[in-house]
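Just below is one structure, and these are the notes that go with it.
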């Protein structure tokens, strides 16, 4: 049995709207989309392979980055391109596909990955559009197919607020997971590590899988973040890459090699205080959330999020599930004034500190809204970030290094080891309401530009 | 509160860009956000945010200092009546002290906040809440008889030179409240030291009973008058002469509990400063060559401003060390130096203020070495 790695720092934000372990077959969505902003590091203006009106099948290429033309981004459904939505500076935000309900798919190579060579495996992943599931540290961007990573890390549990239970999602998919792992083992000469939750018995899908090394973690969020797990297992060093992939996406890879098609079916947890029946839905990557929300979301001004409340992206009530997301969250907007809100006892407010009397109710679940809860200030309080970041990193000093654009210092303070999601709790607890995640991303972008 | 909100919404356009009073935007914003938490929602990053904001954090510190203030007010009346040989009830003592201390608080806040608002206006920033704490601490660390114009001058100096020239709250190197006190100490020493300044009315000398001494325990100890020292219990309770809020260790401990329980004040700094003070005290005991060096080490913790400094001054997050290891070192050295200065240096009967200001200056250096150690570890890992 591997020894348990205890994570002491962190914070579990207890929200209302935890998903029940019930799987609902979602009604097929009318529209689907692939969203270039989901992919950090991708050019804001990727080259489109299709135009409005083009017919596509599941697995047909939609766009690619001119700098890395081998990495294709493909359609999750068969149908017709109906829109290419653009944002500021003509940046491509969404490529929208109207489903024809035929589910025709492009076929790719199938076979046992163990008998294929690395080049064949990589080609299959690139052509089918599943390569972008594989991301690298440093910088949390899509992995470069030419690199040989030191190791590949998979987190076997999600500890974020209201996160889906991965054991439940992966239940019954052990065979595809094994195939997926076999594919991954062709990509690295190093090990494949899986971090599992020590609180529960290890799920069969992880326990039975061959060719992986299991590590047990116990503790509050972000214990389930792969970045935190890497930091405790074997931190990223300067000049090397490690790759990461979400557990559910390993199955997509497995199915590609088993069936020869890109299978974007996935379980998504619909969560949050404004969802009437929070449950799991079987739907597709990129699907519009409209059918999920039908008669299942409370009236009112709501924030719809693809992902969790800490790192997810804002979508509309007809928006699309993000490429990497297994969760959709609905919480109330907080765009109202609160009289003397900072001075109230605060039994309904949640805080990582004990400055509100709600700390006397440790098991209470909260309805939290999107108010910023105060004005933006310079850094004043110290030690707050450190309490929620279980990594050997000085978070405030790293952020300051990014703000003054000191590349050497950023490097020395460990920018290669972190991703935005690892710092999301720092952003949550920040008394000065600093935009921690976007500062970190700007640091990554600066590094990528400087390093060429 | 709807009618109040309506009123605020009605006058808001006048203070916005292009309005009649656009120049007072920061001032308006400060008052508005004091009354109502703004309706601003998150746009990027985490969709939910912690309920704790700067206003809450600062009000917790102020709340923690309230017991020390209330006790200080009572003690002001008690000491005064003692000096003139009058019997007075708790309530009478408190009211007397309240009337003496309140003007100091008002002057400190009016001057300090006035400057803060003006500077925020010039810079186009929101008004930072930092001075709410500094303005509350300044009255607690001065003798009650200090002339109000001196408080005003010292506050202005502390806010402008101690803080705003560095960029405002969060950027300053020295603790503003300590800067104000140090300014008073060096600019007007006659009003800040000696045996007559600590009790209201003693300096003017009217109606004082014969032979009454207003000397603080530290002054007595430094002068070798150990028979005049108050009992341990008195020093702990705080019914002794001293700055307004520094005398009662009990009241300060209540504040410490609030700060540590809420997580706003660093227990590491408080703990290590106490440890540092004890360590120096024990060192003196071991090599004692005069009676002051022989007093029990823990007496240093309840004399003078040690407790107040450790709980309210050393823990200022901006001017203390910012790394967690650094906080241990910072606190320990502050306590160590405070006792060293107060025992060894004849010119300064109290060493806490100077020790803390010195450590404020050294805090970035401590952090630098702590971070350097982390960097070296990382580089070694990359090589190995």
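We did not get these values from a lab; they are worked out from the coordinates using the rules stated. Everything numeric here is computed off the predicted structure, so don't read it as measured data. Ideal geometry is used to build each Cβ from the backbone, glycine not excepted, and the neighbour counts take in all protein chains shown.
Brief remarks on what is shown
- Efficiency of FRET from Cβ geometry, residue A:4 and residue B:227, R₀ 51 Å, rounded to 0.05: 0.25
- Alpha-carbon centroid distance for the pair region A:236-301 / region A:97-146, whole angstrom: 17 Å
- Extension gain (nm, one decimal) between residue B:368 and residue B:84, 0.36 nm per residue minus Cα-Cα: 96.9 nm
- Fewest neighbouring Cβ atoms within 10 Å first, the residues B:157, A:323 line up as B:157, A:323.
- Modelled label positions at residue B:361 and residue B:121, each set 7 Å beyond Cα in the direction of Cβ, lie 3.5 nm from each other.
- When shorter helices are ignored and each DSSP H run of at least 4 residues is given -39500 (n - 2.57), the per-residue value for chain B at 222 nm works out to -20000 deg cm²/dmol.
- Counting Cβ atoms of other protein chains within 10 Å of each Cβ in B:29-37 and taking the mean gives 4.
- CD proxy at 222 nm, helix term only [per DSSP H run n ≥ 4: -39500 (n - 2.57); per residue of chain A; nearest 500]: -6500 deg cm²/dmol
- For chain B: rounded, prolate or oblate by the Cα gyration tensor [a/c cutoff 1.5]: oblate
- Alpha-carbon centroids, region A:1-39 and region A:346-381: separation in whole Å: 23 Å
- Distance between the 7 Å Cα→Cβ label points at residue A:88 and residue B:44: 0.7 nm.
- Distance between modelled label sites at residue A:259 and residue B:293, nm, 7 Å Cα→Cβ extension: 8.5 nm
- Cα shape, the protein assembly as shown, gyration tensor, a/c 1.5 rule: prolate
- Arranged from fewest to most other beta-carbon atoms within 10 Å of their beta carbon, B:227, A:12, B:316 become B:227, A:12, B:316.
- Going from the residue with the fewest nearby Cβ atoms within 10 Å to the one with the most, B:319, A:115, A:202 rank A:115, A:202, B:319.
- Counting Cβ atoms of other protein chains within 10 Å of each Cβ in A:224-237 and taking the mean gives 1.
- Anisotropy class of region A:215-332 from Cα gyration tensor, a/c 1.5 cut: oblate
- Averaged over A:426-437, number of beta-carbon atoms from partner chains that fall within 10 Å: 5
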